[in-house]
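What follows draws every value from the coordinates through simple rules; no lab data is involved. These numbers were taken from a predicted model, which means no experiment stands behind them. Cβ placement follows ideal geometry from the backbone for every residue including glycine, while neighbour counts extend to all protein chains displayed.
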């Protein structure tokens, strides 16, 4: 009898032991420095994953207790892993189209731009539109001899493309250049005064010479006078653009993407990709405010929060002023390099208030583009009024996209109102050398790219690149965040160095704080059990390498939902 009891107890113990045995991990990553962005445990040795979720983050010995016969092992071989980087403000279809059209981001002069177009014309069919984006006259090493209101004229461009209409968007996306053929198709000439008057009233400008002839530069809403004549993108071309954009995200370590202004057609394409298992990057979508009907349709439907965490739609994007490069940013005082000109509002402030009120009632976030100090103030005013009228909404997380140039009196309002500044640090690096000409030293020093000042108010900063305005690669933006230098390493000590982020702040702005900006900090943005297994692996330790070496870092692996989607 005693022997039977002992045998039973042994068998019971074995069964209980089996029942308590943890399941095997699908993936274990180890062998490098792993930054978690989890204050309770900032650095770990290894991570274990089951399905698309993290189940363990800690020591390597403990992690290997999750190892089973089919567990995939990834040895980082001394490299550095972080939570998956989140692009906090970009234009995913624009990234794809930039790869299909002329990419002019690297042109160093107007002559080089004209030569690129000439080569494209030689390959194009007669009458086919030549499209491109990325030129920025203030970044050219040499300026053309004739400049009107700070821009080149169309004549050299028209000479190499007499029969093909050309439309080339500025890097900012807030201005464009057209050749004579494109203007002819659109009916823009010296006599088109009515279209000029109408566009000016609506928030745009056709740049003209002293005789009244259009120079080919169309600012802000005036771009639509040309763009409305461009044939719509074919479905096949749109699909290819999205495929290319997703691949670009993977190459650059981007696992989630805040898409700043999606059209009805783009949203349908995103849904189609998700249904077919092709989405590949987690999208947080802002419905474009240009389509009022679409915005209010979504307000009636309510937020769409994807249980698969691939496609979430719960915000709207309002484009409220222009860009500094095109002098469209709306300022409180005139431009230093264009006296008497203040930029412009491109979206009615009454509509900002109306949309904000409706969004709060419908459970949506509002994300308003504002670069100039007046635009930022006007939007903060509208947000504040809407918040006071809807005190029942305590977690709105309204955002201002860019928030580049602020009046000092408005900086504390971000923290007080809990408005998120979604800022792209790389813009400081690219724009600061010439932005001082637009704003003057006082406005630059007191209100431009005020990261540390905003953080001290309690504001949470979301980082990003605004791609394709800037390259999608997060490393230059991380570098700009912590150095406030150009990508050439200038100036010594950085511009306004007191506004630098620490490396810890910069990492959070690309991970956990970016997730917060999309109401997703509970499921992503840090490496801890229960969160999505999204990781970015870098060739070296961006948190410790000498400042000058940060830009030498490359993305070597990207993991989305526990699956390796890119390996260098």
**OP:** Can you figure out the FRET efficiency of residue 109 with residue 60, using R₀ = 60 Å and their beta-carbon distance, to the nearest 0.05?
**Re:** 0.65
**OP:** Would you order 70, 315, 256, 172 from fewest to most other beta-carbon atoms within 10 Å of each residue's own beta-carbon?
**Re:** 70, 172, 315, 256
Subject >> Degrees, to the nearest 10: 474-483 long Cα axis against longest axis of the chain >> reply: 80 degrees
Original post:
Which residues in segment 285-303 place their backbone N less than 14 Å from a point set 7 Å from the Cα of residue 275 along the Cα-to-Cβ direction?
Top reply: none
Original post:
What ranking of 502, 153, 71, 255 emerges when the number of other C-beta atoms within 10 Å of each C-beta is taken as an exposure proxy, fewest first?
Top reply: 502, 71, 153, 255
Original post:
How far is helix 193-202 tilted off the main Cα axis of the chain, in degrees rounded to 10, range 0 to 90?
Top reply: 40 degrees
Original post:
Cα centroids of segment 310-376 and segment 383-450: how far apart, whole angstrom?
Top reply: 11 Å
Original post:
So what's the angle, to the nearest 10 degrees on a 0 to 90 scale, between helix 373-389 and the longest Cα principal axis of the chain?
Top reply: 60 degrees
Original post:
Between segment 31-94 and segment 496-568, how many Å separate their Cα centres?
Top reply: 11 Å
Original post:
At what distance in angstrom do the alpha carbon centres of segment 252-279 and segment 292-307 lie from each other?
Top reply: 16 Å
Original post:
Quick one: length gained pulling residue 233 to residue 100 fully straight, 0.36 nm per residue minus the C-alpha distance?
Top reply: 46.7 nm
**OP:** Would you mind ranking 394, 59, 36 by Cβ crowding within 10 Å, fewest neighbours first?
**Re:** 394, 59, 36
